[in-house]
1. Grab the alpha carbons of the protein assembly as shown, take their convex hull, and tell me the volume per residue in Å³.
2. Farthest toward the dipole's positive end in the range A:57-208, which of A:G69, A:Y152, A:T108, given Cβ charges of +1 (Lys, Arg) and -1 (Asp, Glu) about the Cα centre?
3. Provide the gained length on full extension for the span A:F117 to A:I24, in nm with one decimal, where the gain is 0.36 nm per separating residue minus the Cα-Cα distance.
4. Got a sec to turn the phi values of the range A:73-78 into Karplus ³J(HN,Hα) couplings, 6.51 cos²θ - 1.76 cosθ + 1.60 with θ = phi - 60°, whole Hz, x for Gly and Pro?
5. Per 10 Å bin from zero, what fraction in whole % of the C-alpha pairs of chain B is there, up to the bin with the longest pair?
6. If the cut-off is a Cα-Cα distance under 26 Å, which lysines reach B:K189, setting aside same-chain residues fewer than 8 apart in sequence?
7. Suppose every K and R has +1 on its Cβ and every D and E has -1 on its Cβ; what is the size of the dipole of the protein assembly as shown about the Cα centre, in Debye to the nearest 20?
8. Across peptide B:22-30, what mean number of C-beta atoms from other chains lies inside 10 Å of a residue's C-beta?
Amino acid sequence: MPTLRTILGITPSILLVVLLWILIRVRVYREFEWFVVYVGFAVCADVARFALRNEASVYFYIYWGTDAGYAILGILVLYQVFRSVFRDLMRIWYVRLLFPAMLVLAVTLALLRYELFPSRISGDLLIAIVVSELAVRLLQVTLFCLLVCLVYLFGLHWRQYAFGIAAGFGLYATTALVATTKFYESGTEFTFVWGTALLVSYIVAVVIWIYFFSLARVQHPPAQTPPMLSADNVRRYKEVARRILWR
Amino acid sequence: MIHQAIVRFIWDSIVLGGIASCFAVVIMIFWRPPERTVDDAIDYLVPVDLDRAEGLLDAAAEGHLRSRVSVAEFRSIQRRRMHLYLEILRRMAHNSAVLIQLGNRHAESGDVETIERARGLQDEGIRVRLYALAASAKIRTWLLLDRTHVLPSPVLCDIKEVCGIQGVEVYEKLKTAASMFFVGAMPSKLEQLLEHL
């Protein structure tokens, strides 16, 4: 079992390095800079966790500190995806309110859960961390569901980078929400399953990202000289322009 | 006890929503319809009579009609007018979906100008579709409530702007965006496009 955990623990780091290399190669930072920051942070966090794995007292803070970093950057990435997909709709005031509304819903639900369902986890600090984690995962899953619904309604498709990022995060956030809820309810006896489920779903998420960003996106520079217009085309344009202006 | 049940219900709904969304993404990736191309997009478009839509949304004309006929008669005419506008909205939503799909195809690859025009097409298409779906939902609710005969007949010109979007205006913008796209992609089909929009 420790061997399996070790393999599962190292795999995401290797995959993340590959992903970071692909992201830099296809210059994703020009469009989704927060995603590149997220992946860069993930690589650094993994190195720090691995280096300090035998220092029990420091490792606790490193683990949960980096976990908070993952969660905050995860929200920023999903928000950037949301903005990139519905860029024009963001000009409408109530669309801009969607994100804060979901944030309030997630925090309220997590706090209500803490009030109404006592946890079996011992230690106030750990409970506070897990409740915060629940709020973040709720927000990520809600954002993911909203994105899927809107994409379905508007007929957008899922081959673009934005959707690749959302798909990976959606899978990971959903698994993390289920696993963290179970961990909150069952306490430390669920630690192994919780950790393994998170690792496996994270590996799948990184594989999804590698797949999406490996799909080549061809962009050609604009043509140097405009194509010649025939007299017939010029007449047709003038006719169309006249009809549009006439309206 | 009831608070616990409500929190648990909302919580479980979000979790189920997340799981369902994961499956939906897989389905959307692998079982999506064939992409629209510049060649065949026009065949899927349905003409929208914007003059007729403007006529239906005209407050003065509606007021004039209301003053000329009895309440019962106006209610019946208004229902027919609503069904007609619902049909126009259906066509708007359909056309915007077709053009968004066309935009999807070109927004990721090609030269920079084509990508820009394709994104413009997506943006305007999304606005039209949002308006059409929201306005349809509003009209359907009205039609449902109208059956009770408790409330007075609704005013159709209230539909002119829904969710902060003006329907006719935004559809005109979509037509312009589509024209711009076709000027770059396939000028020979521009006239045919405008006839079908």
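The numbers here are math on the coordinates, done by the rules we state, and not lab data. All values derive from a computational prediction rather than experimental measurement. All Cβ positions, glycine included, derive from the backbone under ideal geometry; neighbour counts span all protein chains shown.
1. 163 Å³
2. It is A:Y152.
3. Result for the pair: 29.0 nm of gain on full extension.
4. 5, x, 5, 4, 5, 5
5. For chain B, the pair-distance distribution reads 8, 27, 25, 22, 14, 4, 0.
6. B:K189 reaches A:K238, B:K173, B:K175.
7. Charge dipole of the protein assembly as shown: 600 debye, to the nearest 20.
8. On the way: counts 10, 1, 7, 14, 3, 2, 9, 8, 1.
Mean partner shielding for this stretch: 6.
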